[in-house]
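Every read-out reported here was derived from the displayed coordinates using simple, explicitly stated rules and does not represent laboratory data. Just so it is clear, the structure is predicted and the values come from calculations on it, not from any experiment. Neighbour counts are summed over all protein chains in view; Cβ atoms, including those assigned to glycine, are modelled from backbone coordinates with ideal geometry.
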């Protein structure tokens, strides 16, 4: 439930030099407490009050800049413009880097659906999701995801993420362009996103559920409307308020355009001082490269899909 540090997204490779850091800030008045001119710094305000529903359009390219890691596909293109066009038309691509001497184009991705930083089994807490979050682009027709109960498919992990349910894990797998199948361990709330295009070798294992992603169809998202008793969606807090029950907390989260998930503290929680608190939470899902480096041989930029 602890509020996350306001320095939500920063580059780790150039910490000592202070390059390419983005500090997200908040005050109750929504105004900065101090204005201090400093060379090399640019500050500004959120555009949420102006364009609450529009996805970010990031048309600029950055010469002599590299977005390292997050690669999922490489190809050769004659210039960075073609690399950006490929990224724009590839559903999984969020940003790219182009290596000028070798004509090499790296397509890169990050999560376009909310990811919870940590999930803990905690008596006295109830967690859930905003009923308004979008977990995927809309596709016709609707489809039913394939799950294999009591099944573990070991190995070939791309990433391990917290997930509240097998269906949540399946949504995460579907959102990753390299995921071919997944295994979810309910006891630890762990989602193992996997890639293996050759074979699936499974074992019968209690507490494990495996499954396949959906491709270009609309998954059933009824898992979003479930509540998870005895579960804490830890961290990611944006604010808290007092409500009488978990249902009121869920409605407050759904009504807040910034809220993606929540945790409610019931009257059975051990710490009396924070009972009835409703913690509204979110994670960053904009196309943010995990690192940004200077490199004279590269050009980097973003998909133009949201600019059309």
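What residue among 265, 34, 292 shows peak mean-square fluctuation when the chain is described by a Gaussian network model with Cα springs under 10 Å? Result for the chain, Cα springs under 10 Å: 34 fluctuates most.
Expressed as a fraction of 2.2 N^0.38 Å, the C-alpha radius of gyration for the range 173-243 is 1.41.
Residue order for 232, 245, fewest other beta carbons within 10 angstrom first, comes to 245, 232. Stokes-Einstein diffusion for the range 140-220, with the hydrodynamic radius set to the Kirkwood value over Cα pairs and evaluated at 37 °C in a medium of 0.692 mPa s, equals 266 µm²/s.
With a Förster radius of 51 Å, plug the Cβ-Cβ distance of residue 41 and residue 186 into 1/(1 + (r/R0)^6) and report the FRET value to the nearest 0.05. Mind showing how you got there, number by number?
Details: r = 46 Å, r/R0 = 0.90.
The pair residue 41/residue 186 has a calculated efficiency of 0.65.
What is the extension gain from residue 276 to residue 104, computed as 0.36 nm multiplied by their sequence separation minus the C-alpha to C-alpha distance, in nm to one decimal? Before the final figure, lay out each step's value.
Working: separation 172, 0.36 × 172 = 61.92 nm, distance 5.45 nm.
Computed gain between residue 276 and residue 104 is 56.5 nm.
Modelled spin-label separation between residue 89 and residue 76, with each label point placed 7 Å from Cα along the Cα-to-Cβ direction: 1.9 nm.
The order of 23, 192, 234, going from fewest to most other C-beta atoms within 10 Å of their C-beta, is 23, 234, 192.
Divide by every residue of the chain the summed helix terms, -39500 (n - 2.57) for each DSSP H run of at least 4, and state the resulting mean residue ellipticity at 222 nm, rounded to the nearest 500 deg cm²/dmol.
Values: 3 runs with 30 residues, N = 308.
Result for the chain, helices only: -3000 deg cm²/dmol.
Shown for 231, 61, 193: other C-beta atoms within 10 Å of each C-beta, ranked fewest to most, produce the order 61, 231, 193. Put simply, the convex hull of the Cα atoms in the chain casts, on average, a shadow of 18.8 nm².
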